[in-house]
Each structure stands twice: as C-alpha cells, then as structure tokens.
Amino acid sequence: QGDVVVARSRHPFALALLKEAESLGAQTVGSWAAVQRVRNKVRCVLTLKERGLPVPETFLASRPTDLAQLKPSSFPLLLKPFQGDNARGIQLVRAPEELAAVEWSEAIVLAQRYVEAGGVDLKLYVVEEEVWAIRRPSPLTNGDGRPILMPVDAALEGLARDCAATFELPLLGIDLVEGARGPLIVDVNEFPNYTGIDEAPAAIGRLLLDR
C-alpha cells in the first residue's frame, strides 16, 4: 500500500503487470485504461476526432486494396499498424495502383493522408503542467540530426493540455506534422523518451515523488 507504479515498457507483459498492480491497490501514473487508449491507434485517432483535435484525413479498412476506392486526390497515404510504435510497420503508398503490392498481416488498416512537412516533425513532450517542443528529422525519412528545442506558443500548449486531458495521462508525447492548415496530430504515446529535454528527468522525478 502506498506504492506508485509507472510503466516505462510498452511490452504487453509489462502492461499486464500494470493492470495487476492496479488491482492490488497501487497508484499508477498513467492508468492501464489510459495507456490502452493511446496504444490502440485506431481508438486513439477516433478519440482525437471526437474531441475535435486536429488529425490528418483518416480512413479505416479491412485490407489495403479496399483503399483503392478512394479518390486519387486522397493519396499519398500512410498505412499504420493499429498498435505500432516509433514508426515501425508504417508504409507510404503514393498512388492507388501501389496498394495491390502492399503486404499487410493485421486485421485492420489505419490510413492517413500523408502531409508533406519537409522531412521534419514537431514533437510535444508533457510532464503534468510542463510542456516542451522540439523539431526533429521525421523517422519516415531516416533523417539524421539532433532535436532542436523550440518555443511553445499558446496554441501548442493548448493542444498539449487538451491531449493530456483527453487521455488522462500526466506523461505524454505528441507527434505533429505542420501542414498548410496548421499542426496535425499523427501519434500520441504514453511515457515518451523525452529526447533533447534536459529538464525532463527532474520533472518526472518531482511528479512521482508528489504522487
């Protein structure tokens, strides 16, 4: 009693242990239910859409070839595994005729309109009330380079807080691409690695000690 548990691993067994810790009365920083909401990428994007938060145009299908029914103007598309992580398993399909060659083993396809952002992503990191932003090479481009710390304006801070409230997670990473109509959320993850944020370890420590 009095234990505080946080799950750093995304392995299914670790999440099972998180659920067990809750059942034994431990306080969790990021509940099992909250983690599941962001780990399931279909559920995550539907939740974002329901809350009116900005996401790329999104489609769901049972197999890649079903997406050939879309208008050509909907391409390029990014096909995403519904429980993917760190861009693993994501495939870029530039035109409908490429869909027939896509190998896909999952039971559902999450497809999002590809947003050209010059090979650079924007990442928001959240530790309760603290928010940081970095620019970094997109994992889809195999770009190299150090993350660059960016100022957090009111719009980005509001977006971070809305996401944290939506998913009830005090530790949060939000991946964004900056399109013509502003930033779009392409992924949300619990307990990110906070790369490039020197203050993050102390902030996380304070949060855990406070709990």
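The values are calculated or read from the model by the stated rules, or taken from the named source; none is laboratory data. None of these values were measured; they are calculated from a predicted model. Neighbour counts are summed over all protein chains in view; Cβ atoms, including those assigned to glycine, are modelled from backbone coordinates with ideal geometry. Side chains are part of the model used for accessible areas, which takes the heavy atoms of the whole protein and leaves out ligands, DNA and RNA. Shrake-Rupley method; radii C 1.70, N 1.55, O 1.52, S 1.80 Å.
Here are a few things to note about the model shown:
- Centroid-to-centroid separation of segment 93-168 and segment 7-62 [C-alpha atoms, Å]: 17 Å
- Computed with the Debye formula from one identical point scatterer per Cα of segment 7-116, without solvent, the log10 of I(q)/I(0) at q = 0.19, 0.23 Å⁻¹ comes to -0.97, -1.24.
- Extension gain for Leu208 to Glu106 (0.36 nm times residue separation, less C-alpha to C-alpha distance): 33.1 nm.
- Out-of-range pairs (alpha-carbon distance over 19 Å; input Lys49/Lys71; Lys41/Lys80; Lys49/Lys80): Lys49/Lys71
- Shape summary of the chain, radius of gyration then Dmax from alpha carbon positions: 17.9, 58 Å.
- Computed Kirkwood radius, in angstrom, where 1/r is averaged over Cα pairs of segment 34-79: 12.1 Å
- Projected-area mean, segment 98-211, by convex hull of Cα positions, square nanometres: 9.3 nm²
- With contributions of -39500 (n - 2.57) from each DSSP H run of at least four residues, the per-residue ellipticity at 222 nm computed over the chain stands at -8000 deg cm²/dmol.
- The peptide list 105-113, 118-126, 90-98, put in order of mean Cβ contacts within 10 Å with the highest first, becomes 118-126, 105-113, 90-98.
- Averaged over residues, the count of other Cβ atoms within 10 Å places the peptides 147-158, 185-196 in the sequence 185-196, 147-158, highest first.
- Accessible area per residue for segment 17-65 is 50 Å², calculated with a 1.4 Å probe on protein heavy atoms, without ligands, DNA or RNA.
- The label-point distance for Ala87 and Leu17, in a model that sets each label 7 Å from Cα toward Cβ, rounds to 3.0 nm.
- Per residue accessible area in Å² of segment 96-148, where ligands, DNA and RNA are left out and the probe is 1.4 Å: 56 Å²
- Just the protein heavy atoms count here, and of the accessible area of the chain at 1.4 Å, carbon and sulfur take up 51 percent.
- Residue (of Ser74, Thr58, Ala33) at the positive-pole extreme of segment 1-80, dipole from beta-carbon charges: Ser74
- Per-q log10 I(q)/I(0), segment 1-48, q = 0.26, 0.28, 0.30 Å⁻¹ (Debye; single scatterer per alpha-carbon; no solvent): -0.92, -1.01, -1.09
- Each Cα pair under 8 Å and six or more residues apart adds its separation to the average, and for segment 83-191 the resulting relative contact order is 23 percent.
- Estimated distance in nm for a label pair at Asp153 and Ser73, the labels positioned 7 Å out from Cα along Cα-to-Cβ: 2.8 nm
- Note on Leu24 and Ser138: their simple-model spin labels are 4.4 nm apart, each label 7 Å out from Cα toward Cβ.
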